[in-house]
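A.B. asks: Right, I'll just put the structure down here and ask away after.
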Amino acid sequence: MTAVTTKPGLAALRADAVTASKIPAHQTVAFVVMVGLLIVAPFVIYPVFLMKALCFALFACAFNLLIGYVGLLSFGHAAFLGGAGYASAHSAKVWGWPPEAAILFGTAAAAVLGLAIGAVTIRSRGIYFANITLAFAQMIFFVSLQAKFTGGEDGIQAVPRGTFLGLLDLRQMHVLYFVVLGIFLLGFLVIYRAIHSPFGQVLKAVRENEPRAVSLGYHAEHYKLIAFVLPATLSGLAGGTKAIVFQLASLTDVHWTMSGEVVLMTLLGGLGTVFGPVVGAFILMALENYLAQLGAWVTIVQGAI
């Protein structure tokens, strides 16, 4: 009886995976348009604003992979963004590492942190999962506040940008922008591939009906752990890049409000969509940048939108 119910389910899941692996034409067009606009943008819009938006767009896309395709709401993703920022900034300034090595170190630090936190929290459900991730993020915040190597409230300042791969001088604004754009596109394509792979289809199956996925022979906890570590790693990539771009790692990126902002970006752009978090991040950054004179009222405007 088990074989009769299992085989059709597996066959349907595999068929969905094959279908999902085929890139829809409209998404290809959307990707080409997005890349075209981002290539032209720094010649029209202030590059520093664009780089900040790209870092947060990658952060939002990574978070969307967790909440949109697995159904896990984390209130602690700032720990990975900010933690990687501190790791990258410290390795670049104190150890003298080149920017690519510093960014990779920050990304690896976020991956290890994600594995450690995910291993503890992944068995939780719903609001319990959200609260536990928030608790871990607050632990990272207080470590960042008290540890000597983080600089406390001052953070790590004057982080050298250096030369990327020994060839690209990141002190030149447009060179820096296109390096950041390349990093964003790399992270975006990794997320896109994960979503449209058999792995992504299993994640969707776990989200829709976890007992059913388990009955088909999938280890749901293992898949969810991987789905937690991958966004943590890509969030670290965004955080490490941001620290090099702005030559700063501060408490702002590990504060709990940053975890709230990435939720807002994802919801604003569209939960569970491919390009939605990118749009949401750009809208939110634009609001913060162009409505800065409103002070604390900016958050009310964001909430109204």
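A.B. asks: Which one is surrounded by the fewest Cβ atoms within 10 Å (Cβ to Cβ) among residues in the range 110-132 that are without any contact (Cβ under 8 Å) to a residue 60 or more places away in the chain, within 21 Å of residue 84 (Cβ to Cβ) and β-branched (Val, Ile, Thr)? Can you show your working first?
C.D. replies: Taking the range 110-132 as the starting set, the residues that turn out to be without any contact (Cβ under 8 Å) to a residue 60 or more places away in the chain are 112, 116, 120, 124-132.
Still in the running and within 21 Å of residue 84 (Cβ to Cβ): 112, 116, 120, 132.
Remaining after also requiring β-branched (Val, Ile, Thr): 112, 120, 132.
Numbers: 112: 16, 120: 11, 132: 19.
Result: 120.
A.B. asks: Please tell me if residue 218 is of a type in the set (Ser, Thr, Tyr) and outside any helix (DSSP H, G or I).
C.D. replies: Working: of a type in the set (Ser, Thr, Tyr): yes; outside any helix (DSSP H, G or I): yes.
Yes.
A.B. asks: Taking the stated definitions as given, is residue 262 at pLDDT 90 or above, in a helix (DSSP H, G or I) and either of a type in the set (Gly, Ala, Ser) or out of contact with any Asp or Glu (no Cβ under 9 Å at 6 or more places or on another chain) (or both)? Outline the logic, then answer.
C.D. replies: Working: at pLDDT 90 or above: yes; in a helix (DSSP H, G or I): yes; either of a type in the set (Gly, Ala, Ser) or out of contact with any Asp or Glu (no Cβ under 9 Å at 6 or more places or on another chain) (or both): yes.
Criteria met by residue 262.
A.B. asks: Let me ask something additional. Within the range 260-279, can one find any residue that is on the phi < 0 side of the Ramachandran plot and over 17 Å from the mean Cα position of the chain (by Cα)?
C.D. replies: First, the residues of the range 260-279 that are on the phi < 0 side of the Ramachandran plot: 260-269, 271, 273-279.
With over 17 Å from the mean Cα position of the chain (by Cα) added as a condition, the list becomes none.
Checking the range 260-279: not a single residue is on the phi < 0 side of the Ramachandran plot and over 17 Å from the mean Cα position of the chain (by Cα).
A.B. asks: Which pairs turn up if I take residues in the range 239-252 that are buried (at least 24 other Cβ atoms within 10 Å of the Cβ) and look for partners that are in a helix (DSSP H, G or I) and among the acidic types (Asp, Glu) with beta carbon separation below 9 Å, at least 6 apart in sequence or on another chain?
C.D. replies: Within 9 Å, the pairs are 239/253; 242/253; 243/253.
A.B. asks: Right, next: Residue 175 passes all but one of (1) in contact (Cβ under 8 Å) with a residue 24 or more places away in the chain; (2) touching an Asp or Glu at 6+ places or on another chain (Cβ under 9 Å); (3) closer than 23 Å to residue 53 by Cα; which number fails?
C.D. replies: Of (1) in contact (Cβ under 8 Å) with a residue 24 or more places away in the chain; (2) touching an Asp or Glu at 6+ places or on another chain (Cβ under 9 Å); (3) closer than 23 Å to residue 53 by Cα, only one is false for residue 175: (1).
A.B. asks: Continuing with this model, one more query. Taking the conditions exactly as written (assigned to a helix (DSSP H, G or I) and under 15 Å from the mean Cα position of the chain (by Cα)), does residue 181 satisfy them or not? Steps first, please.
C.D. replies: On the way: assigned to a helix (DSSP H, G or I): yes; under 15 Å from the mean Cα position of the chain (by Cα): yes.
It is true that residue 181 is assigned to a helix (DSSP H, G or I) and under 15 Å from the mean Cα position of the chain (by Cα).
A.B. asks: While we're looking at this one, here's another question. Go through the range 205-215 and report how many residues are more than 17 Å from residue 121 (Cβ to Cβ), crowded, with 17+ Cβ neighbours inside 10 Å and modelled with pLDDT under 90. Explain how you work it out, then say what you get.
C.D. replies: Within the range 205-215, the first condition is being more than 17 Å from residue 121 (Cβ to Cβ), and the residues that meet it are 205, 208-209, 211-215.
Imposing the further condition that a residue be crowded, with 17+ Cβ neighbours inside 10 Å reduces the set to 205, 213.
Those still in the list that are modelled with pLDDT under 90 too: 213.
Of the residues in the range 205-215, 1 are more than 17 Å from residue 121 (Cβ to Cβ), crowded, with 17+ Cβ neighbours inside 10 Å and modelled with pLDDT under 90.
A.B. asks: OK, next. Given the conditions (1) of a type outside the set (Lys, Arg); (2) surrounded by fewer than 19 Cβ atoms within 10 Å (Cβ to Cβ); (3) modelled with pLDDT of 95 or more, and given that residue 229 satisfies all but one, which numbered condition is not satisfied?
C.D. replies: Condition not satisfied by residue 229: (2).
A.B. asks: Now a separate question. Surrounded by 15 or more Cβ atoms within 10 Å (Cβ to Cβ) and either touching a helix residue (DSSP H, G or I) at 6+ places or on another chain (Cβ under 8 Å) or within 23 Å of residue 221 (Cβ to Cβ) (or both): does that describe residue 141? Lay out the reasoning, then the answer.
C.D. replies: Details: surrounded by 15 or more Cβ atoms within 10 Å (Cβ to Cβ): yes; either touching a helix residue (DSSP H, G or I) at 6+ places or on another chain (Cβ under 8 Å) or within 23 Å of residue 221 (Cβ to Cβ) (or both): yes.
Criteria met by residue 141.
A.B. asks: Return only the number of the condition from (1) β-branched (Val, Ile, Thr); (2) surrounded by fewer than 22 Cβ atoms within 10 Å (Cβ to Cβ); (3) under 22 Å from the mean Cα position of the chain (by Cα); (4) under 18 Å from residue 103 (Cα atoms) that residue 163 does not satisfy.
C.D. replies: (3)
A.B. asks: Among the residues of the range 45-64, are any of a type in the set (A, V, I, L, M), free of Cβ contacts under 8 Å to residues at least 12 places away in the same chain and surrounded by fewer than 17 Cβ atoms within 10 Å (Cβ to Cβ)? It would help to see each step written out before you state the result.
C.D. replies: Filtering the range 45-64 for residues of a type in the set (A, V, I, L, M) gives 45, 48, 50-51, 53-54, 57-58, 60, 62.
After this cut, where a residue has to be free of Cβ contacts under 8 Å to residues at least 12 places away in the same chain as well, the list is 45.
Imposing the further condition that a residue be surrounded by fewer than 17 Cβ atoms within 10 Å (Cβ to Cβ) reduces the set to 45.
Yes, the range 45-64 contains a residue that is of a type in the set (A, V, I, L, M), free of Cβ contacts under 8 Å to residues at least 12 places away in the same chain and surrounded by fewer than 17 Cβ atoms within 10 Å (Cβ to Cβ).
A.B. asks: In this structure, is residue 69 of a type outside the set (A, V, I, L, M, F, W, C), over 16 Å from the mean Cα position of the chain (by Cα) and modelled with pLDDT under 95?
C.D. replies: On the way: of a type outside the set (A, V, I, L, M, F, W, C): yes; over 16 Å from the mean Cα position of the chain (by Cα): no; modelled with pLDDT under 95: yes.
Against the criterion (of a type outside the set (A, V, I, L, M, F, W, C), over 16 Å from the mean Cα position of the chain (by Cα) and modelled with pLDDT under 95), residue 69 does not qualify.
A.B. asks: A further question follows. Taking residue 156 as meeting all but one of (1) touching a residue at least 12 places away in the same chain (Cβ under 8 Å); (2) over 26 Å from residue 191 (Cβ atoms); (3) surrounded by fewer than 21 Cβ atoms within 10 Å (Cβ to Cβ), write down the number of the exception.
C.D. replies: Answer for residue 156: the failing condition is (3).
The values are calculated or read from the model by the stated rules, or taken from the named source; none is laboratory data. Keep in mind the model is a prediction, meaning the values are calculated, not measured. As a convention, Cβ positions derive from the backbone with ideal geometry for all residues, glycine included, and neighbour counts pool all protein chains shown.
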